[in-house]
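Down below is the structure, laid out as structure tokens.
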Amino acid sequence: MSKRIAIFGSTGSIGTQALEVIAANPDKFSAEILTAHTNEDLLIAQALKFNPNIVVIVDEKKYQKVKDALANTHVKVFAGETSLDEVAGMDCYDLMLAGIVGYAGLKPTLRALDNGKPIALANKETLVVAGDIVMQKALEKKVPVIPVDSEHSAIFQCLIGEGRNKIEKIILTASGGPFLGKKPNFLVNVKRDHALQHPNWSMGAKISIDSATLMNKGLEMIEARWLFNLQPEQIQVVVHPQSIIHSMVQFEDGSIKAQMGLPDMKLPIQYALAFPQRIPNQFPRFDFKKISTLTFEEPDTKTFRNLSLAIDALYKGGNTPCVLNAANEIAVFAFLRNRIGFLDITEVIERTLNKVQYIANPTLEEYFDTDGEARNYAASLIQM
Ligand code: NDP
Ligand code: MG
């Protein structure tokens with residue numbers, strides 16, 4: 001029987017690539033639920049092609065258009081933010097692909113976990129905001145959280161078969177983004193379109209900016225802390241501009257395992273959908289004769305201060321990563337609208353981190369409140 005996939009964020013970079021994987025494996029997977037925020041045209045086209053049971057359009061103004069376009073099908077149409085939670089609570093799917101970007105992905109993922117559904121997790125912000133609560137819930141419900149983020153998929157794959165063998169440390173690789181080697185005098189003038197051009201990966205706008213500022217790697221350190229139950233000291237970052245080694249695990253005996261391949265998100269997406277199986281595909285293969293040099297260097301945290309802010313948040317814990325994430329979302333959104341400069345992103349995050357009160361062991365409600373407070377404060381800085 002095929003696995004019924006609920007793709008939350010089906011119109012995004014992760015979502016559309018997941019649909020390519022499903023289209024290539026119709027005997028193994030079906031698209032049961034598709035959700036979009038505002039892109040009704042793509043959602044309609046996807047629904048007509050994949051014939052899901054349910055679609056959700058978060059933007060309620062678009063509901064009638066989606067409903068009319070799908071009038072001659074059996075697809076059920078839901079609208080509004082609360083529909084995401086409602087649909088995540090349904091029984092009709094086997095696995096949720098959490099591919100919504102940002103904080104908006106947290107609640108539906110929690111709902112799916114409550115519902116006992118395995119998660120293929122692309123939405124790293126979920127773990128940055130409330131990783132302790134999310135992973136505790138997964139443990140209680142005995143449901144797997146399978147990473148889609150390429151670095152975490154690499155680590156997950158390196159850990160298969162290792163049982164209780166202890167991890168000494170993990171080494172997250174970072175491409176360095178489009179501004180590797182640049183200094184503040186260059187970065188101060190960087191504009192949106194340049195920052196959106198990642199050398200190795202084609203991704204959504206928010207994560208592309210996070211990659212350019214190195215915040216993405218900071219978020220991934222926090223994501224890894226929760227996914228693999230590590231202490232902050234066990235998480236190291238190394239810049240590896242070729243993006244061939246997707247990440248590594250070093251065990252207690254000093255042995256290091258790496259997972260490698262060409263940078264193509266369809267591979268970790270397919271792995272997460274098919275887990276624990278590996279299935280064949282036609283993706284291009286890495287050829288050692290074509291890329292003869294793999295290089296490694298220290299990240300420049302003095303220039304890319306977002307990474308050092310994230311590392312501080314990782315060590316501080318409590319609600320600090322939640323503040324970091326909220327301020328970052330607001331600042332990146334403002335940068336994408338040309339409201340602030342590239343280096344102002346760091347400024348907004350730092351000032352917000354200094355403002356919001358620290359809570360050592362937040363409840364879920366306190367995480368929600370922290371997110372709201374941090375967002376409001378960060379937004380007030382931008383309006384000044
Ligand atoms: P995109 O911006 O391309 O897509 C985001 C998806 O989420 C779209 O379907 C979008 O709908 C939907 N969405 C956006 N805002 C909301 C909201 N407020 N409520 C509900 N749905 C919303 O992002 P990516 O696919 O690049 O990234 C998704 C997640 O995966 C992120 O957390 C990212 O960090 C992570 N990730 C992505 C990688 C990549 O290669 N892209 C790699 C590793 C991790 P609409 O289209 O209608 O706006
Ligand atoms: Mg990644």
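Observations on the model:
- Top-ranked residue in the range 167-202 [being within 15 Å of the chain's Cα centre (by Cα) and at pLDDT below 95; ranked as farthest from residue 260 (Cα to Cα)]: 202
- Test: residue 73 is part of a loop (DSSP other than H, G, I, E, B) and more than 24 Å from the chain's Cα centre (by Cα): yes
- Some residue of the range 49-60 being more than 20 Å from residue 135 (Cβ to Cβ), in a helix (DSSP H, G or I), acidic (Asp, Glu) and within 16 Å of ligand 1 (Cβ to nearest atom): yes
- Scanning the range 137-148 for residues that are under 25 Å from residue 241 (Cβ atoms) and either open to solvent by 10 Å² or more (accessible area, probe 1.4 Å) or in a strand (DSSP E or B) (or both) returns a single hit, 147.
- Selection count, the range 200-215, where residues are within 12 Å of ligand 2 (Cβ to nearest atom) and assigned to a helix (DSSP H, G or I): 5
- Here residue 171 meets the list (1) hydrophobic (A, V, I, L, M, F, W, C); (2) more than 14 Å from ligand 2 (Cβ to nearest atom); (3) more than 26 Å from residue 3 (Cα to Cα); (4) assigned to a strand (DSSP E or B) almost entirely, failing just condition (2).
- Given (1) of a type outside the set (D, E, K, R); (2) over 23 Å from residue 129 (Cα atoms); (3) buried (at least 19 other Cβ atoms within 10 Å of the Cβ); (4) out of contact with any Cys (no Cβ under 9 Å at 6 or more places or on another chain), index of the condition residue 221 fails: (2)
- Criterion (under 22 Å from residue 323 (Cβ atoms), acidic (Asp, Glu) and surrounded by fewer than 22 Cβ atoms within 10 Å (Cβ to Cβ)) met by exactly one of 114, 132: 132
- Inspection of the range 18-27 finds a residue satisfying the criterion of being within 16 Å of ligand 2 (Cβ to nearest atom), buried (at least 19 other Cβ atoms within 10 Å of the Cβ) and closer than 20 Å to residue 94 by Cα.
- Yes/no for residue 266 being over 30 Å from residue 189 (Cα atoms), within 14 Å of ligand 1 (Cβ to nearest atom) and open to solvent by 10 Å² or more (accessible area, probe 1.4 Å): yes
- Residue within the range 149-156 that is of a type in the set (A, V, I, L, M), assigned to a helix (DSSP H, G or I), more than 12 Å from ligand 2 (Cβ to nearest atom) and over 23 Å from residue 94 (Cβ atoms) present: no
- Any chance residue 327 is open to solvent by less than 50 Å² (accessible area, probe 1.4 Å), in a helix (DSSP H, G or I) and in contact with a Pro (Cβ under 7 Å, 6 or more places away or on another chain): no
- Residue 6 vs. criteria among the small types (Gly, Ala, Ser), surrounded by 24 or more Cβ atoms within 10 Å (Cβ to Cβ), touching a residue at least 60 places away in the same chain (Cβ under 8 Å) and under 22 Å from residue 107 (Cα atoms): yes
- Condition met for residue 84 (of a type in the set (A, V, I, L, M) and crowded, with 16+ Cβ neighbours inside 10 Å): yes
- Residue within the range 269-280 that is open to solvent by 70 Å² or more (accessible area, probe 1.4 Å), out of contact with any Ser or Thr (no Cβ under 9 Å at 6 or more places or on another chain) and farther than 30 Å from residue 244 by Cα present: no
- For residue 186, the conditions (1) open to solvent by 10 Å² or more (accessible area, probe 1.4 Å); (2) touching a Lys or Arg at 6+ places or on another chain (Cβ under 7 Å); (3) not in a loop (DSSP other than H, G, I, E, B) are fulfilled apart from (2).
The values are calculated or read from the model by the stated rules, or taken from the named source; none is laboratory data. None of the values given here were measured: they were computed from a predicted structure. Quick reminder, even Gly has a Cβ in these numbers, built from the backbone with ideal geometry, and neighbours come from all protein chains shown. To get the accessible areas, we keep the full protein, side chains included, count just its heavy atoms, and leave off ligands, DNA and RNA. Shrake-Rupley method; radii C 1.70, N 1.55, O 1.52, S 1.80 Å.
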